[in-house]
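Okay, so here's the structure we're looking at.
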Amino acid sequence: YGTNPGMGMGISQHIPATADQAASEQPSFQKALDYMGIEGDTLLVGKPIDYVFIGSCTNSRMEDLREVAEFVKGRQKAENVTVWIVPGSKQIEQQAIAEGLDQIFEAAGFHLREPGCSACLGMNEDKIPAGKYCVSTSNRNFEGRQGPNSRTFLASPLTAAAAAITGRVTDVRELLKETAYA
């Protein structure tokens, strides 16, 4: 929820309140919440998002891509969300294509990009615009990591895929329950 890996929580938990932090930590904690455009003592679940990034050297192994493909098969990304899938290597990209995962991603509205750093650190044109929210499988977060003034929530590949489908921060377990009983 925040601007460093220490600002993490379970997806169904409330964002901690600034008042609950040690007095010496309150200014930097509030600064992080302000940067992210969120308030303490609120839920992150349901927060609208604009981008999803699944990839780079972290969380885009073959098993991650297979899991995401299985989850999104037959589903469509939310209309307002841009989704980038970036394999962890050229070998993984080739294997994903050989297994037909690229077709599943394309059918769901996801964009399979070239392997590389990409939006993980806002390289090339793969940047999250200022003020926009991204659910990302990157391994760390700080101000401007995915683009100047971009706002990033770190998540697992499956949670990121669920956000892509719903257009908001989503507890993937809720969608998995729906699938199990469909």
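The values are calculated or read from the model by the stated rules, or taken from the named source; none is laboratory data. Keep in mind that this is a model prediction, so the values were computed, not measured. Cβ coordinates were reconstructed from backbone atoms using ideal geometry, including for glycine residues, and neighbour counts include every protein chain displayed.
Observations on the structure shown:
- Residue match in the range 110-119 (condition: at negative phi, among the aromatic types (Phe, Trp, Tyr) and modelled with pLDDT under 95): no
- Residues in the range 40-55 that are touching a Ser or Thr at 6+ places or on another chain (Cβ under 6 Å) and farther than 18 Å from Ala163 by Cα: Gly40 only.
- Within the range 162-182, the set of residues being small (Gly, Ala, Ser), over 14 Å from Thr82 (Cβ atoms) and at pLDDT 95 or above comprises just one member, Ala162.
- Any hit, the range 97-114, residues being of a type in the set (S, T, N, Q) and over 25 Å from Ser12 (Cα atoms): yes
- Qualifying residue in the range 72-80 (condition: at pLDDT 95 or above, of a type in the set (S, T, N, Q) and farther than 30 Å from Glu114 by Cβ): no
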